[in-house]
1. Give me the 1.4 Å probe accessible area per residue for the chain, excluding ligands and nucleic acids, in Å².
2. At q = 0.09, 0.10, 0.20, 0.22 Å⁻¹, what base-10 log of I(q)/I(0) does the Debye formula yield for the range 1-134 when every alpha carbon is treated as an equal point scatterer in vacuo?
3. If you take the alpha carbon radius of gyration of the chain and divide it by 2.2 N^0.38 Å, what ratio comes out, to two decimals?
4. Taking amide H positions as placed 1.01 Å from N in the peptide plane, with prolines and chain starts having none, which residues 5 or more places from PHE228, or on another chain, fall under 5 Å of its amide H?
5. What's the angle, to the nearest 10 degrees (0 to 90), between helix 208-223's Cα axis and the longest principal axis of the chain?
6. Please list log₁₀ I(q)/I(0) at q = 0.09, 0.16, 0.19 Å⁻¹ for the range 76-227, using the Debye equation with identical point scatterers on the alpha-carbon positions.
7. Find the eigenvalues of the gyration tensor of the Cα atoms of the range 241-315, then list the square roots of 5 times those eigenvalues as equivalent ellipsoid semi-axes, largest first, in whole angstrom.
8. Which of these, ASP107, ASP190, ASP37, has the largest mean-square fluctuation under a Gaussian network model of the chain (Cα springs below 10 Å)?
Amino acid sequence: DNVSFHNVHPSTGDGAEELLAGLQRTRKHISPKWFYDERGSQLFEAITRLPEYYPTRTEMAILEQNREEISARCGPNCVLIEPGSGSCEKVRLLLSSLRPAAYVPLDISADFLRQTARQLGREYPWLPVTAICADFNRDWSFLQRLPGGKRVVFYPGSTIGNLAPEEARNFLQRVRKVIGDDGGILIGVDLHKSSGRLNAAYNDASGVTAEFNLNLLRRLNRELDADFDPRAFNHRAFYNEEDQRIEMHLVSNKAQRVRCNGSYIDLGEGESIHTENSYKYTIESFASLAGLAGLALRQSWLDPERLFSVHYLSA
Ligand code: AVJ
């Protein structure tokens with residue numbers, strides 16, 4: 001078999017303290033990584049197919065149309081590492097032209113990862129797949145045990161947008177260490193654009209994004225013995241022009257007390273739990289952020305409408 005699976009993901013219990021602390025702050029927040037239980041991952045897949053949600057299809061078109069150039073940048077026989085690999089849908093666009101020596105998908109959702117890695121291994125029998133269930137915002141030490149060769153981190157989907165600029169710089173610094181002097185990173189970054197277009201992408205008419213946001217509460221009910229009533233919260237998403245980020249919130253529609261992990265959380269009517277930031281960049285703002293992490297922009301690919309960007313960076 002060409003597929004192996006490794007679990008270095010801490011159990012949910014480990015993150016419970018941190019989550020509760022976030023809910024007990026004056027400005028309540030939950031890390032967006034909590035979105036991705038099995039149902040959350042499925043809902044995210046549904047988001048990527050929404051007419052309003054342009055990032056996924058735009059990025060896939062960019063990857064598909066430029067796969068020869070992109071593959072030339074990454075070089076053959078690289079070890080391709082994808083943090084947050086999800087459905088592994090995007091990497092499929094590159095594998096035949098890129099011909100990596102190995103593919104290393106990392107994801108926080110163990111069952112989903114197991115399924116997708118196995119499926120990918122069947123479709124590409126020549127490709128060694130080393131799937132690792134991990135919270136890549138924590139510990140990267142397991143990457144030391146990977147096969148040798150030029151390392152390329154594949155980080156599509158504007159996942160970096162979840163990180164505040166300071167955290168994004170730290171992330172890129174860690175990538176810089178993992179790839180060494182000869183490696184690279186192929187990264188998808190959503191671009192700053194009209195608020196109308198952005199607001200629509202996070203407030204879809206069919207309510208899938210709202211469901212994705214509210215699913216977080218269902219997960220806490222199940223995994224942290226909480227008693228959130230999803231009907232007592234409303235989805236709210238808007239573009240914060242000043243900080244160049246989409247913000248997602250769950251807004252309490254009444255004063256309420258909720259049990260969670262053995263503690264109580266009090267919410268006032270209209271009080272919000274901040275569940276996600278999705279930062280948008282210009283080519284220039286992204287290049288300067290990457291520069292702070294010792295990475296230089298080597299080549300960028302954009303769609304004709306300049307909605308989304310894919311970049312190759314190296315030391
Ligand atoms: C997976 C973080 C890139 O920010 O667009 C989509 C997540 N949230 N709709 C994004 C998301 C609501 C997505 N990222």
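The values are calculated or read from the model by the stated rules, or taken from the named source; none is laboratory data. All values reported here derive from a predicted model rather than from experimental measurement. Here Cβ is always computed from backbone atoms with ideal geometry, including for glycine, and neighbour counts include all displayed protein chains. Surface areas here come from the heavy atoms of the whole protein model, side chains and all, with no ligands, DNA or RNA. Shrake-Rupley method; radii C 1.70, N 1.55, O 1.52, S 1.80 Å.
1. Value returned for the chain: 43 Å² of accessible area per residue.
2. With no solvent term, the Cα-only Debye profile gives -0.33, -0.40, -1.21, -1.32.
3. Cα-based Rg divided by the globular estimate yields 0.99.
4. ASN221
5. Taking the Cα atoms of the chain, the angle to 208-223 is about 70 degrees.
6. Reported log10 I(q)/I(0), two decimals: -0.35, -1.03, -1.27.
7. Each semi-axis is the square root of five times an eigenvalue, giving 40, 15, 10 Å.
8. Comparing ASP107, ASP190, ASP37 in the GNM, the peak value goes to ASP37.
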